[in-house]
Amino acid sequence: MYKFGFIGVGHMGATLADAVIKAEGAENCAVCDADDGRAKLYAAAKGCDVLSAHSIAGECRYIILGVKPQNMAELMADIGPILKDRTDFALVTMAAGVTMESLCALMGFVAPVLRIMPNTPAAVGAGCMLYSANSLLAAADKATILAALAPTGELVETPERLIDAGCAISGCGPAFVYKFILAFAKAGERVGLKSDTALKLAEQTVLGAAKLAIESKEDPQILCDQVCSPGGSTIEGVRSLDAGPFADEVAKAVGASFDRTVELGKGK
C-alpha cells in the first residue's frame, strides 16, 4: 500500500507531488494522469510508480485529486465505488469552487477530506496554501498530510466558507503580480532602462518589498510612508497611483476571479 497517490500530475499536481516526494520519499508515492505519457515521464524523473486511477483509489492512504473542477464529477463517479468499500483513506482536493460537501455528494457518501488551495510559487517553496478539513478527517491524518505539503511554503488554515475568497488572492494573485511586474518593467524602459535591467529591477523590488513586509510585520501603509520623503520623488509616484483607478482595478480583478471561482463550483 502506498502512502500518497496523485490523480493528476499537471502543473500544480506535479508541484505538490514534488513536495510530498521530498518529504516522504518517492517509494511511498504513486501517480496517474489522464495523459498516461505525462504520468510515465513524471514517474521516471522522480522515481515513483505509475498506477491507474482505480489502483490509486484502492491502494493509497492519502489520495490527492489534481483534476479540474469540471472533471471532478466524472472522476468521483469512477473511483467512488472503490472508495466506498474502504475505511482507511483520506481525500485531498484542490478543485476551485468545489466544496467538501459537494465532493462527497459526487461520490454518494461522506468521507474524510482535506480541501486545499495552493498557488504556483509552491514550486519554489514560497507558496501560500489555504486549507480546511471536514469533521471526518482525523487529527493525525491531517497532521501527516500537512507535514508532507510543508515544503511548498506557508500553510494557512481557513474556514471553508472563505476559501473561494482566499483563492482570489493567493491562488489567482500570482498572475496579477506578474502583470504588475511586466507593467513596472515596461515603465522602466520608457524612462531609459534596457529591458533586461528593467525586468530584473522590477522582479527584485517586488520580492524585496514583500519580504520586508512579511519579516518586519509592519502595516504596508507604514512601509509605504517610510519610502515617501516629503517633497521627494517617491511620494509623487504614490500620489499618481492614488489619483488613478489602481485600487479599483485591483478590486475588480479580485472580484472577477472570485465570481468565476463560485461559478466553477456550480459546474459552469
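Every number in this text was worked out from the coordinates using simple rules, so none of it is lab data. In this text, all values refer to a predicted model and were calculated from it rather than measured experimentally. Counting neighbours? That spans all protein chains shown, and the Cβs are built from the backbone with ideal geometry, glycine included.
Could you tell me which of ALA139, CYS228, LEU149 has its Cα farthest along the dipole of the chain towards the positive end, charges placed at Cβ (Lys, Arg +1; Asp, Glu -1), taken about the Cα centre?
Farthest towards the positive end: CYS228.
Identify unpaired cysteines across the chain, taking unpaired to mean no other cysteine Cβ lies under 4.7 Å from the residue's Cβ.
CYS32, CYS60, CYS104, CYS128, CYS167, CYS172, CYS224, CYS228
Of CYS172, CYS167, how do they rank once you tally other Cβ atoms within 10 Å and put the fewest first?
Fewest-to-most ranking of CYS172, CYS167: CYS172, CYS167.
Based on DSSP H runs of at least 4 residues, each adding -39500 (n - 2.57), what is the mean residue ellipticity at 222 nm of the chain after dividing by all its residues, to the nearest 500 deg cm²/dmol?
One gets -17000 deg cm²/dmol as the mean residue ellipticity at 222 nm.
Given springs between every Cα pair under 10 Å in a Gaussian network model of the chain, which of GLY37, GLY166, GLY153 has the largest fluctuation?
GLY37
Can you list the aspartates and glutamates whose alpha carbon is less than 14 Å from that of LYS266, not counting same-chain residues fewer than 8 positions off?
List returned: GLU101, ASP164.
Please work out the Cα center distance from region 7-35 to region 118-150, rounded to the nearest Å.
After rounding, the separation between the Cα centres reads 14 Å.
Using bins 10 angstrom wide from zero, how does P(r) for region 46-95 break down, in % of all Cα pairs?
24, 57, 18, 0
Just from the alpha-carbon atoms, what are the Rg and Dmax of region 2-164 in angstroms?
Expressed in Å, the Cα Rg and Dmax of region 2-164 come to 14.2, 39.
I'd like the distance between the alpha-carbon centres of region 176-204 and region 95-109, rounded to an integer number of Å.
42 Å
Most fluctuating residue of ALA148, ALA140, ALA26 in a GNM of the chain with Cα springs under 10 Å: which is it?
The residue that fluctuates most here is ALA140.
To check my understanding: the extent here is largest minus smallest coordinate of the Cα atoms along each principal axis. What are those three numbers for region 173-265, in Å, largest first?
For region 173-265, the Cα spread along each principal axis is 47, 32, 29 Å.
Under 10 Å, Cα contacts only: if you run a Gaussian network model on the chain, which one of ARG86, ARG38, ARG239 comes out with the highest mean-square fluctuation?
Maximum fluctuation in the GNM of the chain, among the listed residues, is at ARG239.
Let me check the size of region 206-249 from its C-alpha atoms; what are the radius of gyration and Dmax in Å?
Both quantities, over Cα of region 206-249: 11.6, 30 Å.
Is there a quick way to get the dipole size of the chain? I mean about its Cα centre, with the Cβ of Lys and Arg at +1 and of Asp and Glu at -1; what is the value in debye to the nearest 20?
280 debye
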